[in-house]
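The values are calculated or read from the model by the stated rules, or taken from the named source; none is laboratory data. None of the values given here were measured: they were computed from a predicted structure. FYI the Cβ positions are ideal-geometry reconstructions off the backbone, even for glycines, and counts take in every protein chain you see.
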Amino acid sequence: MQKRSRKYATNVRTGGQREPTARRRAYPRARIAGMSTPLTDADLRRLKRGSAQQIANEPRILALLADVVDRYPQGKIHWLSDSRDELLGDWLAGRLMRQGRLQAMIDKASSANSLRALAAADFQQHAIEQRRRELPTRLFRRLNALLRANPGRFKIMLAAGKPGPTYWTLTDRPANAIFSERDRELRGHVFAVALDTLEEEADADNQTQFISAAELNRYAFEMLDGTARGLTLDQLVLGLVQAYGLQIRHEELPDEDRLDDAPDASERSGVPTHDDPPASPEAGDVDVARAVIAALTPRQIKVLRGLFDERRPSEIAAALECSPATISAEKDAIAAVITAYAALDEQVPLLNAIRNLLYGTST
């Protein structure tokens, strides 16, 4: 597995393009130098009434965030090699401020200790997202190798100069048309496969593979069989990325020179595709719903789908081969994520938007 180069890091200011590490945003320690008074519950109540700019410039908040990062166990984020100042700068600028998560955490926290706990959990999720940055790249390579290594099962339907825009079909039931539907139909087919994904352990030495080799083989077969259309390698990867929220926010899919192709290469190569429909009046809810789905683990997404299907917790537990107590804990975690993104009166529209995304009925 090719490791991520330490020379470059994501630049959230340029929409995911890369810049040398030396130019990255480091944490402004000078702004909190000499700050000895910790954040109090009274400070927190005052900040709940303040603006985002006031929160961002509050030295006690900055000191709390700095302390969370400085004290965070290295064993839980061992894949991150940058200095704590750089990690804090990336987290603050790229996630807490740009995505509005800091203000959401302050609104949710009932005390300074509660805010610290929320911040620690969010920092861990930020670290996991950095770890998953190369997952689409690895899925592309694994799928490409799998399709080419099984000529008795898969065959090329329409060759292209690069792997990404090459169309594939089943050897024994070749398709006579290509899949050119919109992304929502693609996501619907992915969810219909109901993949058994691998759990992502924060302290694991190796990066998650997301799904086993057997499940990846089943995914490729059932997607080609279920759509009854030829699918490109780009589309197979894109379906996984969109359906399971594998993309890293504010960063494009992997660079073409690292993939030997890019997930949108079929469109650049002239293969006809449909444009997505114009944004609906509920586009804001859809954007927030995508962020919520991206913040959930694969198992939490399965639990949420079970709840949408009105299945009992015991049934969901049996399907996922875990205890009802685990399902209860996952429900609490899902509720916490939703609460962090939406006020009480906004949660029903948000849940509807999440349901539409999960079932492929919304773009």
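Out of all the residues in segment 15-37, is one or more assigned to a loop (DSSP other than H, G, I, E, B), under 15 Å from Gln130 (Cα atoms) and modelled with pLDDT of 55 or more?
No, every residue in segment 15-37 fails to be assigned to a loop (DSSP other than H, G, I, E, B), under 15 Å from Gln130 (Cα atoms) and modelled with pLDDT of 55 or more.
Based on what the data block shows, is Ala9 within 30 Å of Arg142 (Cα to Cα), at pLDDT below 75, surrounded by 15 or more Cβ atoms within 10 Å (Cβ to Cβ) and not polar (S, T, N, Q)?
In short, yes.
Which condition number in (1) assigned to a helix (DSSP H, G or I); (2) at pLDDT below 80 is the one that Gln99 fails?
Condition (1) is where Gln99 drops out.
Return the pairs, sorted by first residue and then second, in which the second residue is at pLDDT below 90 and aromatic (Phe, Trp, Tyr), the first residue lies in segment 291-306 and is surrounded by 20 or more Cβ atoms within 10 Å (Cβ to Cβ), the beta carbons are less than 6 Å apart, and the residues are 6+ apart or on different chains.
Final answer for the pair search is Val292/Tyr341.
Can you tell me which residue among Ala325, Ala329, Ala319, Ala294 is within 23 Å of Arg98 (Cα to Cα) and assigned to a helix (DSSP H, G or I)?
Numbers: Ala325 fails: within 23 Å of Arg98 (Cα to Cα); Ala329 fails: within 23 Å of Arg98 (Cα to Cα); Ala319 fails: within 23 Å of Arg98 (Cα to Cα).
It is Ala294.
Among the residues of segment 68-81, write down those that are surrounded by 17 or more Cβ atoms within 10 Å (Cβ to Cβ) and either in contact with a Ser or Thr (Cβ under 8 Å, 6 or more places away or on another chain) or of a type in the set (Asp, Glu) (or both).
Hits for segment 68-81: nothing passes.
Give me the residue from segment 122-164 that is crowded, with 16+ Cβ neighbours inside 10 Å and of a type in the set (Gly, Ala, Ser) and, out of that set, modelled with the lowest pLDDT.
My answer is Ala127.
Name the residues in segment 108-158 that are in contact with a strand residue (DSSP E or B) (Cβ under 9 Å, 6 or more places away or on another chain), of a type in the set (D, E, K, R), over 23 Å from Pro73 (Cα atoms) and not in a loop (DSSP other than H, G, I, E, B), would you?
Arg148, Lys155
Out of all the residues in segment 161-180, which are in a loop (DSSP other than H, G, I, E, B) and more than 11 Å from Leu233 (Cα to Cα)?
Keep residues of segment 161-180 that are in a loop (DSSP other than H, G, I, E, B), which gives 161-166, 171-177, 179-180.
Passing the criteria: Gly161, Thr171, Asp172, Arg173, Pro174, Ala175, Asn176, Ala177, Phe179, Ser180.
Report, by residue number, each residue of segment 61-86 that is in a helix (DSSP H, G or I) and farther than 13 Å from Ala119 by Cβ.
Listed by number, the residues that qualify are Gln74, Gly75, Lys76, Arg84, Asp85, Glu86.
Looking at segment 144-164, I want the residues that are within 14 Å of Arg218 (Cα to Cα) and have a partner that is of a type in the set (Phe, Trp, Tyr) with Cβ atoms under 7 Å, at least 6 apart or on another chain. Which pairs are those?
Going by the 7 Å Cβ cut-off, the qualifying pairs are Leu147/Phe154; Leu147/Trp168; Arg153/Phe221; Phe154/Trp168.
Could you tell me how many of the residues in segment 224-246 are out of contact with any Lys or Arg (no Cβ under 7 Å at 6 or more places or on another chain), of a type in the set (A, V, I, L, M, F, W, C) and either outside any helix (DSSP H, G or I) or within 13 Å of Asp183 (Cα to Cα) (or both)?
Within segment 224-246, residues that are out of contact with any Lys or Arg (no Cβ under 7 Å at 6 or more places or on another chain), of a type in the set (A, V, I, L, M, F, W, C) and either outside any helix (DSSP H, G or I) or within 13 Å of Asp183 (Cα to Cα) (or both) number 7.
Could you check Ala335 against (1) farther than 24 Å from Lys108 by Cα; (2) at pLDDT 70 or above and say which number it fails?
(1)
Examine segment 60-69 for a residue that is at pLDDT below 85 and out of contact with any Leu (no Cβ under 8 Å at 6 or more places or on another chain), and state whether such a residue exists. Show your work before the answer.
Initial filter on segment 60-69 (at pLDDT below 85): none.
No, there is no match, as no residue in segment 60-69 is at pLDDT below 85 and out of contact with any Leu (no Cβ under 8 Å at 6 or more places or on another chain).
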